[in-house]
Amino acid sequence: MVDHIVDTSSGKADGLDKCPKCGSTEVSLRPQTGMLICHFCRHEWAEAAIEQTFGFDSAVGDLRGTVIASGAGAIQESAEDVLTLKCQACGAAVVVNTSEALQARCHWCRQTLSVNEQMSNGAVPDGLLPFSIAKDDAIARITAFVKRRRFFAHPKFVREFAPSEVLGVYMPYFLLDANSHADLTGFGEIQTRSYTRKSGDSETTYYDADVYQVARSFDLHVDDVLLESSGERADIDWQRNTNNIINAIQPFDVKAAVAYNANYLRGFTSEKRDLDVAGLTAEAHNRVLSIARSRAGETISKYGRGVRWETEHLTVKGTRWVAIYVPVWVYSYFDGRLTHFVAVNGRTGETMGSVPIRYGRLIPIAAVIGIVGTVVGGFLDFFMA
Amino acid sequence: MYLMHSLLTHPFAVQLLSYLQDDYMYGSEEGGPWLWLLGPLGGTGFFMWVFLRYRNTDKRHAFERETANEVLDLKVYDQKTGEVTGTTDAHIRGRNSNSPRTRLGSGSTVTILAPEPPQPSQGQSED
């Protein structure tokens with residue numbers, strides 16, 4: 001299945017991940033600069049961009065077979081989420097649950113311990129996109145979003161609205177490049193004449209058209225499709241969840257992704273990846289086919305009556321899979337049935353959300369509009385007849 | 001609420017609405033039954049508008065348009081095969097060119113090519 005693995009591991013063992021200048025472990029992300037900052041000596045630095053460092057920017061057309069980065073490996077069901085880290089400073093054993101955090105503080109000497117090795121439970125990605133939108137900015141955007149949707153919002157939601165509870169979450173995705181070829185066939189129609197005929201009181205429009213057999217064949221190089229690699233987040237169904245909100249704040253400037261360093265995650269939470277390449281291959285093909293159909297759509301503008309595609313064939317020559325974390329500010333509210341998200345893209349600030357509705361207000365107002373409309377319509381009908 | 005949303009987005013409802021619209025556009029000038037639909041359509045339309053503005057259930061990332069990609073070596077084939085006359089459909093039957101995310105059932109197929117075995121390196125010298 002996998003033809004080539006690119007090693008993206010940092011080579012660092014689990015444990016102390018120190019400031020390169022002074023050796024302190026008090027390091028975190030500074031969103032204003034997107035850089036790591038040492039809280040002891042104020043030194044700022046960034047990890048290397050993953051694209052250039054690991055050659056993920058090489059031409060998509062040269063991709064052959066399935067190439068995966070080492071952080072995107074298969075998930076072993078037997079892999080334990082709970083890891084025991086040995087503090088290299090004092091020797092204590094510190095337990096960290098990697099499904100929730102990739103750092104823990106040694107309870108004896110207060111050093112920060114980091115999970116650096118890529119584990120087979122999917123918790124450590126190849127790279128990540130650091131937050132560049134600060135928490136205050138995210139709160140302001142969420143507040144503004146909800147403020148514009150107050151009148152029909154559920155009163156309990158309005159009363160309990162506390163945007164300061166927003167959480168910075170690193171969401172897991174696969175970054176997919178695909179070298180492919182698409183073949184599409186179908187039929188298209190060009191209108192040649194339209195005319196109306198009267199029968200009694202009503203008129204009907206008729207159309208004449210020329211029918212064409214249509215085929216399109218092209219190489220398609222796709223760069224950086226984001227695929228949800230958390231099974232829970234990949235399940236988008238508006239009747240059962242509001243995951244589409246998290247999906248809708250894309251795109252992310254993934255070209256700026258840097259190599260993984262647990263210090264970027266400090267103060268944020270992260271959602272663990274639980275899907276692997278094998279589980280997402282069909283969805284990857286689906287995405288590439290959608291892009292192919294979209295591109296083919298640009299070549300059929302002369303078919304004014306549209307095209308009915310009957311076959312679409314994708315030949316996959318090569319794919320490259322990289323596991324990354326992208327930054328999302330999430331405010332969530334459970335209304336007893338659904339968890340509503342208001343989410344802010346941690347890079348671009350794009351905001352989208354789901355606000356629970358006060359149906360007790362909306363339905364009567366919609367009904368009044370209906371009744372008034374009916375009366376006006378009936379009135380007009382009576383006078384025009 | 002959810003039922004109402006489902007009903008309005010159901011293909012049958014969409015079809016019905018397009019007929020009503022046709023009736024509106026080409027209907028007689030002496031008024032007619034469509035005037036009586038002004039109210040029900042106004043009420044449900046307002047409900048739908050508020051629902052989507054608050055819940056944003058229709059929002060998705062348009063990856064098919066926003067993902068960077070490159071088309072190379074495009075080959076096109078367009079051959080006239082016949083004519084249709086006197087149809088009342090404004091579009092080709094079964095039009096799907098405006099829904100690129102919808103797959104074609106058994107018409108959608110994928111082949112995965114195995115990578116070629118690595119070529120023996122040539123022309124490399126030690127010096």
Residues satisfying the stated conditions in segment A:162-196, i.e. touching an Asp or Glu at 6+ places or on another chain (Cβ under 7 Å) and surrounded by fewer than 15 Cβ atoms within 10 Å (Cβ to Cβ):
A:T192, A:R193, A:T196
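Every residue, every condition in (1) more than 7 Å from every other protein chain (Cβ to nearest Cβ); (2) under 33 Å from the mean Cα position of the chain (by Cα), yes or no:
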site	(1), (2)
A:D183	yes, yes
A:S194	yes, no
A:D210	no, no
A:Q213	no, no
A:L226	yes, yes
A:S229	yes, yes
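Among the residues of segment A:310-331, is there at least one that is in a loop (DSSP other than H, G, I, E, B), surrounded by 15 or more Cβ atoms within 10 Å (Cβ to Cβ) and in contact with a Ser or Thr (Cβ under 7 Å, 6 or more places away or on another chain)? Outline the logic, then answer.
Keep residues of segment A:310-331 that are in a loop (DSSP other than H, G, I, E, B), which gives none.
Checked segment A:310-331: no residue is in a loop (DSSP other than H, G, I, E, B), surrounded by 15 or more Cβ atoms within 10 Å (Cβ to Cβ) and in contact with a Ser or Thr (Cβ under 7 Å, 6 or more places away or on another chain).
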Going through segment A:290-309 one residue at a time, which ones are surrounded by 22 or more Cβ atoms within 10 Å (Cβ to Cβ) and more than 7 Å from chain B (Cβ to nearest Cβ)?
A:A292, A:A296, A:Y303
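Among the residues of segment A:34-68, write down those that are among the acidic types (D, E) and either within 13 Å of chain B (Cβ to nearest Cβ) or crowded, with 19+ Cβ neighbours inside 10 Å (or both).
Initially, segment A:34-68 is screened for residues among the acidic types (D, E), giving A:44, A:47, A:51, A:57, A:62.
If the condition is that a residue be among the acidic types (D, E) and either within 13 Å of chain B (Cβ to nearest Cβ) or crowded, with 19+ Cβ neighbours inside 10 Å (or both), then A:E47, A:E51, A:D57, A:D62 are the ones that fit.
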Given the conditions (1) of a type in the set (V, I, T); (2) facing chain B (nearest Cβ under 8 Å); (3) in a loop (DSSP other than H, G, I, E, B), report the number of the one that A:T348 does not fulfil.
(2)
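Tell me which residues, restricted to segment B:48-64, are facing chain A (nearest Cβ under 7 Å), surrounded by 14 or more Cβ atoms within 10 Å (Cβ to Cβ) and part of a helix (DSSP H, G or I).
In the first step, residues of segment B:48-64 are kept if they are facing chain A (nearest Cβ under 7 Å); the result is B:50-51, B:53-57, B:59-61, B:63-64.
The next check asks that each one be surrounded by 14 or more Cβ atoms within 10 Å (Cβ to Cβ); those that pass are B:50-51, B:54-57, B:59-61, B:63-64.
Within segment B:48-64, B:V50, B:F51, B:Y54, B:R55, B:F63, B:E64 meet the criteria.
When you go through A:G346, A:G353, A:G378, A:G306 one by one, which is the residue that is at pLDDT below 95 and out of contact with any Cys (no Cβ under 9 Å at 6 or more places or on another chain)? Write out each step before concluding.
Working: A:G346 fails: at pLDDT below 95; A:G353 fails: at pLDDT below 95; A:G306 fails: at pLDDT below 95.
Result of the check over A:G346, A:G353, A:G378, A:G306: A:G378.
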Check A:E203, A:E232 and return the single one that is part of a strand (DSSP E or B), at pLDDT below 90 and not β-branched (V, I, T).
A:E203
Where a residue in segment A:74-99 is part of a loop (DSSP other than H, G, I, E, B) and its partner, wherever it lies, is among the acidic types (D, E), with Cβ under 8 Å and at least six apart:
A:A74/A:D276; A:I75/A:D274; A:I75/A:D276; A:T98/A:D81; A:S99/A:D81
Please tell me if A:R216 is in a loop (DSSP other than H, G, I, E, B) and buried (at least 16 other Cβ atoms within 10 Å of the Cβ).
no
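Taking the criterion of being touching a residue at least 60 places away in the same chain (Cβ under 8 Å) and assigned to a loop (DSSP other than H, G, I, E, B), would at least one residue in segment A:278-287 satisfy it? Steps first, please.
First pass over segment A:278-287, keeping only residues touching a residue at least 60 places away in the same chain (Cβ under 8 Å): A:278, A:280, A:284, A:287.
Filter once more, keeping what is assigned to a loop (DSSP other than H, G, I, E, B): none.
Among the residues of segment A:278-287, not one is touching a residue at least 60 places away in the same chain (Cβ under 8 Å) and assigned to a loop (DSSP other than H, G, I, E, B), which makes the answer no.
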Matching entry among A:G373, A:G360 (being over 30 Å from A:R266 (Cβ atoms) and facing chain B (nearest Cβ under 7 Å)):
A:G373
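Residue by residue, here is whether (1) modelled with pLDDT of 95 or more; (2) among the aliphatic types (A, V, I, L, M); (3) touching a Ser or Thr at 6+ places or on another chain (Cβ under 6 Å) holds:
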{"position": "A:A134", "(1), (2), (3)": "no, yes, no"}
{"position": "A:A140", "(1), (2), (3)": "yes, yes, no"}
{"position": "A:T143", "(1), (2), (3)": "yes, no, no"}
{"position": "A:V146", "(1), (2), (3)": "yes, yes, no"}
{"position": "A:H154", "(1), (2), (3)": "yes, no, no"}
{"position": "A:S164", "(1), (2), (3)": "no, no, no"}
{"position": "A:A178", "(1), (2), (3)": "yes, yes, yes"}
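I'd like to verify a number: residues in segment A:333-385 that are among the hydroxyl-bearing types (S, T, Y), buried (at least 17 other Cβ atoms within 10 Å of the Cβ) and in contact (Cβ under 8 Å) with a residue 40 or more places away in the chain, how many?
Step one: list which residues in segment A:333-385 are among the hydroxyl-bearing types (S, T, Y), which gives A:333, A:339, A:348, A:351, A:354, A:359, A:374.
Remaining after also requiring buried (at least 17 other Cβ atoms within 10 Å of the Cβ): A:333, A:351, A:354, A:374.
Now drop any that are not in contact (Cβ under 8 Å) with a residue 40 or more places away in the chain, which leaves A:333, A:351, A:354.
Residues meeting the conditions: 3.
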Which condition number in (1) closer than 19 Å to A:N179 by Cα; (2) more than 17 Å from the chain's Cα centre (by Cα); (3) part of a helix (DSSP H, G or I) is the one that A:K255 fails?
(2)
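The values are calculated or read from the model by the stated rules, or taken from the named source; none is laboratory data. Keep in mind that what you see is a predicted model, and the values were worked out from it rather than measured. Backbone-built Cβ (ideal geometry, glycine too); neighbour counts: all protein chains shown.
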